[in-house]
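Taking it in order: structure first as structure tokens, then the write-up.
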Amino acid sequence: MKRTEIREILAKEPVEKQMVVKGWVRNKRASKNVAFITLNDGSVLSSLQVVAEVEKIGQDLLSRIHTGASLAVTGVLKESQGQKQKVELEAQEITIYGEADPEKYPLQPKKHSLEFLREIAHLRFRTNTFSAVNRLRHNMIFAIHKYFHDHGFYNIHSPIITASDAEGAGETFHVTNLDLNNPPKDEKGNVDYSKDFFGRKTNLTVSGQLEAELAALALSKVYTFGPTFRAENSNTKRHLAEFWMIEPEVAFNDLDDNMDLAEDFLKYLIRFALENCREDLDFLDNRQKDAEKSLPQNQRSAMGLIEKLEFVRDNEFERVTYTEAIDILKNSKPNKKKKFNYIIEQWGADLQSEHERYLVEKHFNKPVILTDYPKDIKAFYMKQNDDDTVRAMDILFPQIGEIVGGSQREEVYDKLVRRMEEMNISTEEMWWFMDTRKYGTVPHAGFGLGFERMMLFVTGMGNIRDVIPFPRTPQNAEF
Ligand code: 4AD
Ligand code: MG
């Protein structure tokens, strides 16, 4: 008989039907005559209760079933007598695929800390929290492709190995197959990368934007969705060394169009989650409330997860220039009372996450789009205004800070060259990028959404290491 998934069983509740259900044991309670086994197959959050009579299944077999064991259960679905579930499976036959030694299996039917679960990331998929997070992650990936497909965008695979550093922050991971103990050297004694695999120095990409721009200047509307890598030594709850980024790039769009697109896209993703992932969201909403119970009132989230998602879905983002934001911050209480770690003294200061969160959580109380930053704190490719600012936009979210970074691009050849020279970026090495400004250049704009930052927001989880299956952070590449 073919296996029936728990998702299907709970959706249709086909009572009196005989079926085979397969999954992992979450819990077993046994009395003299009967055992109740909570079976989960990951297809949905909910588990199925299996009722196994000792007389039918046998004490020997039942005594080998513990939390973590994997089973195939043949049985008949019945309306449940219990309060907790509507249906249960009356077992006729049970096969054990794999046992789990209760003395050694690390996951027991009790609360484990997220820190502990990170140490057993290979098993944490088997908890409600991580199965919910990963089902949501899948749904968001699907929704991202669906949004762009439905809006006439084409997906472009940008390269993972590249010779450029799009953001110019120098935080790249080198890619080489030279013998690090004995690398070839040039006359000056420097490593001779012309002898390396690609005949030049290469690194893992920090962004797919530059290649997306090339494609946008032909296909008009494109997006990339790929892994990006940054060797930032930041051990924070919001930074990964390997993360996924979504980067749409649109020909003929200006900064206003770019903001409209980003806001509509983010709200679509939130709506999609609310409409399609309700059971997992309800679970995560309760999880967050539970986790915050022990905190003092002023440290708890102002809104529950679902309330927060609905709020962002239903309210317009505040659009503010960097210059306006600096005025607000300069005059803010935490700045005057020197409560910020970085005091805002003057125009030109780079904003830290504490400032971003002040604007979003205290001042405006909703997502904020900050635009027109000083050119000196932004990348070379941004469209220059007449003053010392560029047409950049960062979207700031509650609890997260920056979730999106983007801009209108400098499409005027001479201006771009001048800026690159000022910033010591070789226009020769970037000849292919320069060509797009030489031939048929057009205004265009795009942005990057950090996928795991979005997942933090949608799941209400507090640490970015818990919204990607296998986090890569400084000193950590286990699993
Ligand atoms: O602001 P960033 O650096 O922008 C770019 O890379 C542009 N090329 C995007 C574009 O215009 N096409 O990064 C974009 C987003 C950030 O807003 C943040 O959400 C996320 O990527 N991000 C990170 N997420 C996790 N860990 C890190 N270390 C991140 N660095 C950036
Ligand atoms: Mg940024």
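The values are calculated or read from the model by the stated rules, or taken from the named source; none is laboratory data. Keep in mind the model is a prediction, meaning the values are calculated, not measured. Backbone-built Cβ (ideal geometry, glycine too); neighbour counts: all protein chains shown. For the accessible areas, the whole protein counts, side chains as well, though only heavy atoms, and no ligand, DNA or RNA atoms are used. Shrake-Rupley method; radii C 1.70, N 1.55, O 1.52, S 1.80 Å.
Per-structure values
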| read-out | value |
| --- | --- |
| Cβ-derived FRET efficiency at R0 41 Å, ASP60 paired with ASP350, nearest 0.05 | 0.05 |
| Whole-Hz ³J(HN,Hα) from phi, Karplus 6.51 cos²θ - 1.76 cosθ + 1.60, for region 67-72, glycine and proline x | 3, x, 5, 10, 9, 10 |
| Residues with amide H under 5 Å from that of GLU318, placed H, sequence gap 5 or more | VAL368, ILE369 |
| Rounded, prolate or oblate (a/c below 1.5 giving rounded, otherwise prolate when a/b exceeds b/c) for region 118-193 by Cα gyration tensor | oblate |
| Cα-centre dipole for region 147-287 with unit charges at Cβ (Lys and Arg positive, Asp and Glu negative), debye to 20 | 540 debye |
| Cα centroid separation, region 404-479 to region 50-95 (Å) | 52 Å |
| Apportionment of accessible area to carbon and sulfur, the chain, percent (1.4 Å) | 47 percent |
| Selection of chymotrypsin sites (Phe, Trp or Tyr not before Pro), region 99-176, meeting DSSP coil and at most 11 other Cβ within 10 Å | none |
| Linear extension gain, SER113 paired with LYS32, 0.36 nm per residue minus alpha-carbon span | 25.8 nm |
| Peptides ranked, highest mean first, by Cβ atoms within 10 Å: ranges 98-106, 203-211 | 203-211, 98-106 |
| Alpha carbon centroid spacing (whole Å) that separates region 114-178 from region 334-382 | 27 Å |
| Tensor-based shape of region 36-121 (alpha-carbon gyration tensor, a/c under 1.5 rounded, otherwise prolate or oblate) | oblate |
| Highest-first arrangement of 442-449, 19-26, 156-163, where packing means the average Cβ count within 10 Å | 442-449, 19-26, 156-163 |
| Debye, to nearest 20: dipole size of region 378-477, +1 on Lys, Arg Cβ, -1 on Asp, Glu Cβ | 280 debye |
| Amide hydrogen neighbours beyond the local backbone of THR228, cut-off 5 Å, H modeled | PHE243, TRP244, MET245 |
| Region 1-83, dipole about Cα centre (Lys/Arg Cβ +1, Asp/Glu Cβ -1), debye to the nearest 20 | 180 debye |
| Loop GluC sites (Glu not before Pro), region 332-379, which have at most 10 other Cβ atoms in a 10 Å radius of their Cβ (DSSP) | GLU345 |
| Average accessible area per residue (Å²) across the chain - probe 1.4 Å, nucleic acids and ligands excluded | 50 Å² |
| Helix-only [θ]222 nm of the chain, DSSP H runs n ≥ 4, -39500 (n - 2.57) each, per residue, nearest 500 | -9000 deg cm²/dmol |
| Spacing of the two label points (7 Å from each Cα toward its C-beta) at ASP186 and HIS363, in nm | 4.7 nm |
| Distance violations [Cα-Cα > 29 Å] among LYS110/LYS146; LYS237/LYS383; LYS28/LYS289; LYS330/LYS378 | LYS110/LYS146; LYS237/LYS383 |
| Three-way shape call for region 274-376 based on the alpha-carbon gyration tensor, with the a/c threshold at 1.5 | oblate |
